[in-house]
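**Student:** Dumping the structure here so I can ask a few things about it.
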Amino acid sequence: MEENKNIPRRIYKYRAFSSSTLDLLVSDHVYYADPSTFNDPLDTRPSLKIDLAVAELEKILSRFVERRANVEMSAAAKTIKYRGRKTMDHIKQHSRRQAEQLIAEISYNATNPEYDSDDRQGSVRAKLLEHRKHVS
């Protein structure tokens, strides 16, 4: 019988073994803990190495803001059982508007002569992190 070299010699346990843990292993899924349960506050403070242009960062930020607003408003509409086509279209439009307003605000602030281009990139990066942690 030939030994399979792809099987690791050791498996480390980072959570209690249970039927759900076994299910994760069998189904080849990964479990991600909620950051609020972490014991090290620095684990939830990501850093970004920015190698994108400000315009590309703004596109990403815009998508995050739009998605977040859409999720929040859709959940509210579902709670009050109001999910008609007009409602969903309105949610989509409002979400897009919210993203456009944030990008416009950052762009407007960038016209300030005291505002360095690095500050603009930093502002986009900060807003990106702020909104990213609220998006599922």
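**Student:** Please work out if Arg63 is at pLDDT 75 or above and either surrounded by 10 or more Cβ atoms within 10 Å (Cβ to Cβ) or under 16 Å from Val124 (Cα atoms) (or both).
**Tutor:** Against the criterion (at pLDDT 75 or above and either surrounded by 10 or more Cβ atoms within 10 Å (Cβ to Cβ) or under 16 Å from Val124 (Cα atoms) (or both)), Arg63 qualifies.
**Student:** Quick one: how many residues across segment 87-121 are at pLDDT 70 or above, of a type in the set (Gly, Ala, Ser) and more than 20 Å from Asn70 (Cα to Cα)?
**Tutor:** 2
**Student:** Regarding Pro35, is this residue within 20 Å of Ser123 (Cα to Cα) and at pLDDT below 80?
**Tutor:** no
**Student:** Let me ask something else. Among the residues of segment 79-107, write down those that are under 30 Å from Ser123 (Cα atoms), surrounded by 13 or more Cβ atoms within 10 Å (Cβ to Cβ) and of a type in the set (A, V, I, L, M).
**Tutor:** Hits for segment 79-107 are Ile91, Ala99, Leu102, Ile103, Ile106.
The values are calculated or read from the model by the stated rules, or taken from the named source; none is laboratory data. Quantities reported herein were computed from a predicted structural model and do not represent experimental measurements. We place every Cβ from the backbone using ideal geometry, glycine too, and count neighbours over all the protein chains shown.
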